[in-house]
Amino acid sequence: EALANTCGVPLIAASAGQWQAKGHLGDFLKAMRRFFSDAQASQPCIAFLDEFDSFGNREKGRDADHNDYKRQVVNALLECLDPSGGRAGVVVVGACNSLEEVDPALLRPGRLERVIEVGLPDDDARLAILEQHLGSKLDMPPFEIISRTRGWTGAQLAKLARDARRLARARNQPVSAWDVQNALPSRRPLSESELFRIAIHEAGHAVLSTLTDPGALVSVRIDGFVPEAGVMT
C-alpha cells in the first residue's frame, strides 16, 4: 500500500488462498484471470500477490497426486504474468517468506524478474515504523526504545504501538514515549554465569567468522538483559 501511495497509483491485491476459496481448479483459474483483467483495466496500477510461494514449484513433489493441479496453476500464472499482448502499465509485485518454494520460471525476465530481500529494520527504520503506527512523533529521545527493539520485525513494532496506545487511552492522554517504554516486554538481567556461557558461545562464532572470512567481523556485543520467561519480543 505504501508503494502504491508513493507511486500515486491504485493497488489491487490478491493471493492464491483467495482464489482457491472460489472453488475447484476452474474457479481458481477464472479468479486469477479476472484479477489480471481488472488490473489491466485499472492501469497504471500495482498488482500485489501476497504469499507468492503458495503457488508452488513444479519441480518439487513431481510424483505427488496434486502435482498436475499445481502445474496447471503455475502455467496459468505464467501466462498472466507474461501475456502475448504484454501488460503495460501493470507492475506485479509478489511477497513471500520462502523464495526457494517459488517456481524458477516465475522469476525469469518478463515475470517477477527482480528479487529484493527485505531484512530486519535498522535503528532509523524501526523508529520510523513505530512512529507511523503511533500516528505521531515520540516526544523524547527514544534511545532505550531503539536499543530494546533491536532485531524486531515490523509486525512486532506494530504490536508495540497498539499496546502503547492502549496505555495512553487508559491514562486519557495522547500516546507518548512513556507509554511505549511501559509497553515494552519486561526484562531481567543475566546472571554472571549466564553471561559467561553466552560469551563463550559468541566467541566461538567470532573465531569461526574470523577464520572463514577475515576482516568481516566488526564487533561482538552481548545484551545484559533478556525478556522475562514466557514473554515474546
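The values are calculated or read from the model by the stated rules, or taken from the named source; none is laboratory data. Computed from a predicted model, the values in this text were never measured in an experiment. Note that we place each Cβ from the backbone using ideal geometry, even for glycine, and neighbour counts take in every protein chain shown. Surface accessibility is based on the protein's heavy atoms, side chains included, excluding ligands, DNA and RNA. Shrake-Rupley method; radii C 1.70, N 1.55, O 1.52, S 1.80 Å.
Here are some notes:
- Shown here: semi-axes √(5λ) of the Cα gyration tensor in Å, derived from the displayed model; of the candidates [x] 33, 25, 17; [y] 27, 22, 18; [z] 42, 26, 17, it corresponds to [z].
- Between segment 182-227 and segment 69-115, the Cα center-to-center distance that results, in Å: 41
- 19 Å Cα-Cα reach of Lys30 towards lysines, excluding residues that sit fewer than 8 places from it in its own chain: Lys22, Lys70
- Trypsin sites (Lys or Arg not before Pro) lying in DSSP loop within segment 173-221, provided at most 13 other Cβ fall within 10 Å: Arg221
- Most simply put, the chain has about 25% antiparallel DSSP beta bridges, counting only bridges with both residues inside it.
- Extended-chain gain in nm, criterion 0.36 nm per residue less alpha-carbon gap, Ser136 and Thr6: 44.8 nm
- Placing a pseudo-label 7 Å from each Cα along the Cα-to-Cβ vector at Leu25 and Ala158 gives an inter-label distance of 3.5 nm.
- Segment 34-129, accessible area per residue, ligands and nucleic acids excluded (1.4 Å, Å²): 59
- Ligands, DNA and RNA left out, the accessible area of the chain computed with a 1.4 Å probe is 54% carbon and sulfur.
- Neighbour net charge for Cys45 - beta-carbon separation under 12 angstrom, K R +1, D E -1: 0
- Compared with the direct C-alpha span, the chain from Ser84 to Val115 gains 8.8 nm at full extension, assuming 0.36 nm per residue.
- Values of log10 I(q)/I(0) for segment 1-124 across q = 0.10, 0.11, 0.20 Å⁻¹ run -0.32, -0.39, -1.23, by the Debye formula with one identical scatterer at each alpha carbon and no solvent.
- Using the empirical formula 2.2 N^0.38 Å as the baseline, the Cα radius of gyration of segment 67-160 reaches a ratio of 1.58.
- Distance between the 7 Å Cα→Cβ label points at Ser193 and Cys96: 4.7 nm.
- Reachable aspartates and glutamates, given that their alpha-carbon falls under 16 Å from the alpha-carbon of Lys159 and they are not under 8 places away in the same chain: Glu131, Asp179
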